[in-house]
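**Q** One structure, pasted below without further comment.
The values are calculated or read from the model by the stated rules, or taken from the named source; none is laboratory data. Quantities reported herein were computed from a predicted structural model and do not represent experimental measurements. In this analysis, Cβ positions are derived from the backbone assuming ideal geometry, glycine residues included, and neighbour counts consider all displayed protein chains. Calculation scope for accessible area: heavy atoms of the full protein, side chains included, ligands and nucleic acids excluded. Shrake-Rupley method; radii C 1.70, N 1.55, O 1.52, S 1.80 Å.
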Amino acid sequence: MNINRRSAKRIRPLVLALAFAGAPAVALAAPASATATSCATTTAHWGSLTKSLGSMTLAPIVNVRAGRHTCYDRMVVDLRGSGAGYTVRYVSQVLSQGQGAVIPMRGGARLDVVITAPTYNINTGTSTYNPANRRELVNVNGFSTFRQIASGGSFEGYTTIGLGVRARLPMRVFTLAGPGTGSRVVIDVAHHW
């Protein structure tokens, strides 16, 4: 009898025992592999090239927020209405809207996020989004990927937001309707390639 047959004879009963044992054996192994699989499938449709949607809206930006997820960090730009487009791309420097001044950003890479919506009411000129600190729109301490979110200003219906990230990592950008009559532009940056 060769070694392969001996190994097979020993392994078969073990495999059968685990199969008949069912859920407990599978449940013990699932958490580690489930996380790796879900992150791998999440990043499959992403990339680090420019993402854009070419529509413009008069609906103003009313908030910027961020959250941490298992596989990515997320920034959300809330609008009072719908129809905003965007251009999101990796750049060497994020420049302010209208002036072109360099916005200092923390992190190994920088995303230039341009939303085609103002931060003011187009009819009255009154501001709809007044962050307490333009250099720190959201506190991202403890985030896996995000290092800083800063305002680049709003000019003629274009709003720039600088997003400092740990490294040039895969991203995705999309819009969502709601809540209510509002909408959101969502920027996700993966924790890993």
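**Q** Quick one: which of Gly164, Gly142, Gly157, Gly125 is at positive phi and open to solvent by less than 10 Å² (accessible area, probe 1.4 Å)?
**A** Only one candidate qualifies: Gly157.
**Q** Count, please, the residues in the stretch 171-183 that happen to be more than 9 Å from the chain's Cα centre (by Cα) and either closer than 20 Å to Thr50 by Cβ or open to solvent by 70 Å² or more (accessible area, probe 1.4 Å) (or both).
**A** Total satisfying the criteria: 6.
**Q** Now, a different point. Can you tell me which residue within the stretch 90-113, out of those that are β-branched (Val, Ile, Thr) and buried (at least 21 other Cβ atoms within 10 Å of the Cβ), is nearest to Ile187 (Cα to Cα)?
**A** Val113
Every residue, every condition in (1) closer than 15 Å to Val91 by Cα; (2) modelled with pLDDT of 95 or more; (3) part of a strand (DSSP E or B), yes or no:
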residue	(1), (2), (3)
Arg134	no, yes, no
Ser144	no, yes, no
Ala150	yes, yes, yes
Ser154	no, yes, yes
Gly164	yes, yes, yes
Arg168	yes, yes, no
Arg172	no, yes, yes
Gly180	no, no, no
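**Q** Here's a follow-up. Exactly one of (1) open to solvent by 80 Å² or more (accessible area, probe 1.4 Å); (2) at pLDDT 95 or above; (3) of a type in the set (A, V, I, L, M) is unmet by Val64. Its number?
**A** Result: Val64 fails condition (1) only.
**Q** Which condition number does Phe155 fail, the rest of (1) within 17 Å of Leu58 (Cα to Cα); (2) free of Cβ contacts under 8 Å to residues at least 24 places away in the same chain being met?
**A** Against the list (1) within 17 Å of Leu58 (Cα to Cα); (2) free of Cβ contacts under 8 Å to residues at least 24 places away in the same chain, Phe155 comes up short only on (2).
**Q** Would you be able to tell me the number of residues in the stretch 43-56 that are in a loop (DSSP other than H, G, I, E, B) and either under 22 Å from Gly178 (Cβ atoms) or open to solvent by 60 Å² or more (accessible area, probe 1.4 Å) (or both)?
**A** Of the residues in the stretch 43-56, 7 are in a loop (DSSP other than H, G, I, E, B) and either under 22 Å from Gly178 (Cβ atoms) or open to solvent by 60 Å² or more (accessible area, probe 1.4 Å) (or both).
**Q** Which one of the conditions (1) open to solvent by less than 20 Å² (accessible area, probe 1.4 Å); (2) farther than 17 Å from Ala66 by Cβ does Ile149 fail to meet, given that it meets all the rest?
**A** The single condition Ile149 does not satisfy is (2).
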